[in-house]
Amino acid sequence: MKSPSNIKEMFDQIVGRYDFLNHTLSFYQDYYWRFKMTSELMPIKNKIIIDLAAGTGDSSKGIVKRDADVVGVDISFKMLFQSKKKLADKKYSPIQASVYELPFKDQSFDAVCCAFGIRNMHIRDSALKEIYRVLKTNGTAVFLEFSMPKGIIKSIYNFYLKYIMTSIASIFSDRDAYVYLRESIENFPPPEKFSEHILQAGFSACEYYPLSLGTVHIHKAYKI
């Protein structure tokens, strides 16, 4: 298990090829996945949204297009620097911070989204409680995260993660970072278990559904 400082250092190192590999290794499905996540936030016009683990800003980009104000939070300054360049002159504010200690007042945001980030928050219950704290009453939190599919797809996916993904990544970036990615996907709770963690953090309800044969899930949590 990597510490927050180790994770920050890892993302700082891979920022140069991060977007390219996200698109390539997902066969460009990441655009669709993020679109589905941001669609769950509707309506968001003139709302204030916090994008956690914002990275280089791909999710935030989709949200600001819907005329919302976005605060992008990440522990990696280099990732946020890229997001700021990508979203120059947009209603976007990058802030370097830990999700365990968000520098915002209670009930500051109309909605929360987090794409492929909650998996890296190993003190997950603390992160979820902090997310709940900064979310307004009647707000929603939407999580987009990798998951392990079931049946024969699991064997195929395991082979892809272990051999194909890491081999491609090692050509263009830091192989160890993508070995960590594989391991973190394997160790992340299954959708039903993650839903339980969300409810234990205080959320009133949670629904979830799979994308791309169960290799990705969206969880939508409600604070009532």
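The values are calculated or read from the model by the stated rules, or taken from the named source; none is laboratory data. What you see is a predicted model; the values in this text were computed from it and never measured. Don't worry about glycine lacking a Cβ; one is built from the backbone with ideal geometry, like all the others, and counts go over all protein chains shown. Quick note on the areas: whole protein, heavy atoms, side chains included, nothing else; ligands and nucleic acids left out. Shrake-Rupley method; radii C 1.70, N 1.55, O 1.52, S 1.80 Å.
Testing LYS85 on (1) in contact (Cβ under 8 Å) with a residue 24 or more places away in the chain; (2) at negative phi; (3) open to solvent by 20 Å² or more (accessible area, probe 1.4 Å), one condition comes back false. Which one is that?
Result: LYS85 passes all but (1).
Which condition breaks for GLU183 when tested against (1) touching a helix residue (DSSP H, G or I) at 6+ places or on another chain (Cβ under 8 Å); (2) surrounded by fewer than 20 Cβ atoms within 10 Å (Cβ to Cβ); (3) not β-branched (Val, Ile, Thr)?
Here GLU183 clears every test but (1).
Read through the list (1) closer than 29 Å to GLU183 by Cβ; (2) in a strand (DSSP E or B); (3) touching a Phe, Trp or Tyr at 6+ places or on another chain (Cβ under 9 Å); (4) open to solvent by less than 10 Å² (accessible area, probe 1.4 Å), then give the number of the only condition that GLY139 fails.
(1) is the only condition that GLY139 fails.
Select from segment 176-200 the residues that are of a type in the set (Phe, Trp, Tyr) and either assigned to a helix (DSSP H, G or I) or in contact with a Gly (Cβ under 8 Å, 6 or more places away or on another chain) (or both) and write down the one among them that is farthest from SER155 (Cα to Cα). Break it down into steps so the answer makes sense when it comes.
At the first step, the residues of segment 176-200 found to be of a type in the set (Phe, Trp, Tyr) are 178, 180, 188, 194.
Applying the additional criterion that residues be either assigned to a helix (DSSP H, G or I) or in contact with a Gly (Cβ under 8 Å, 6 or more places away or on another chain) (or both) yields 178, 180, 194.
Details: TYR178: 18, TYR180: 19, PHE194: 22 Å.
So, considering only residues that are of a type in the set (Phe, Trp, Tyr) and either assigned to a helix (DSSP H, G or I) or in contact with a Gly (Cβ under 8 Å, 6 or more places away or on another chain) (or both), the one farthest from SER155 (Cα to Cα) is PHE194.
Within segment 88-98, can one find any residue that is in a strand (DSSP E or B), β-branched (Val, Ile, Thr) and open to solvent by less than 40 Å² (accessible area, probe 1.4 Å)? Lay out the reasoning, then the answer.
Our first condition is that a residue be in a strand (DSSP E or B); within segment 88-98, this holds for 92-96.
Remaining after also requiring β-branched (Val, Ile, Thr): 95.
Then drop every residue that is not open to solvent by less than 40 Å² (accessible area, probe 1.4 Å), which leaves none.
No, segment 88-98 contains no residue that is in a strand (DSSP E or B), β-branched (Val, Ile, Thr) and open to solvent by less than 40 Å² (accessible area, probe 1.4 Å).
Name every residue in segment 54-87 that is closer than 20 Å to ARG124 by Cα, outside any loop (DSSP other than H, G, I, E, B) and among the small types (Gly, Ala, Ser), in order of residue number.
We begin by selecting, within segment 54-87, every residue closer than 20 Å to ARG124 by Cα; these are 54-55, 72-76.
Still in the list and also outside any loop (DSSP other than H, G, I, E, B): 72-74.
Listed by number, the list holds a single entry, GLY72.
Test each condition in (1) modelled with pLDDT of 95 or more; (2) open to solvent by 30 Å² or more (accessible area, probe 1.4 Å); (3) farther than 15 Å from VAL70 by Cα for LYS150 and report the one that comes out false.
With respect to (1) modelled with pLDDT of 95 or more; (2) open to solvent by 30 Å² or more (accessible area, probe 1.4 Å); (3) farther than 15 Å from VAL70 by Cα, LYS150 is out only on (1).
So LEU211 passes all but one of these: (1) farther than 21 Å from LYS36 by Cα; (2) of a type in the set (A, V, I, L, M); (3) surrounded by fewer than 18 Cβ atoms within 10 Å (Cβ to Cβ); (4) touching a residue at least 40 places away in the same chain (Cβ under 8 Å). Which condition number does it fail?
(1)
What pairs come up if the first residue lies in segment 139-167 and is closer than 27 Å to HIS197 by Cα, the second is open to solvent by 70 Å² or more (accessible area, probe 1.4 Å), and their beta carbons are under 7 Å apart, counting only those six or more places apart or on different chains?
Within 7 Å, the pairs are MET148/LYS154; MET148/GLU186; PRO149/LEU213; ILE153/LEU213.
Among (1) assigned to a loop (DSSP other than H, G, I, E, B); (2) modelled with pLDDT of 95 or more; (3) buried (at least 17 other Cβ atoms within 10 Å of the Cβ), which single condition is LEU41 missing?
(2)
Can you name the residue in segment 119-136 that is of a type in the set (A, V, I, L, M, F, W, C) and crowded, with 19+ Cβ neighbours inside 10 Å and is also nearest to ASN187 (Cα to Cα) among such residues?
Within segment 119-136, the match that is nearest to ASN187 (Cα to Cα) is MET121.
Quick one: is PHE27 more than 22 Å from HIS122 (Cα to Cα) and either open to solvent by less than 10 Å² (accessible area, probe 1.4 Å) or not in a strand (DSSP E or B) (or both)? Reasoning before the result, please.
Values: more than 22 Å from HIS122 (Cα to Cα): yes; either open to solvent by less than 10 Å² (accessible area, probe 1.4 Å) or not in a strand (DSSP E or B) (or both): yes.
It is true that PHE27 is more than 22 Å from HIS122 (Cα to Cα) and either open to solvent by less than 10 Å² (accessible area, probe 1.4 Å) or not in a strand (DSSP E or B) (or both).
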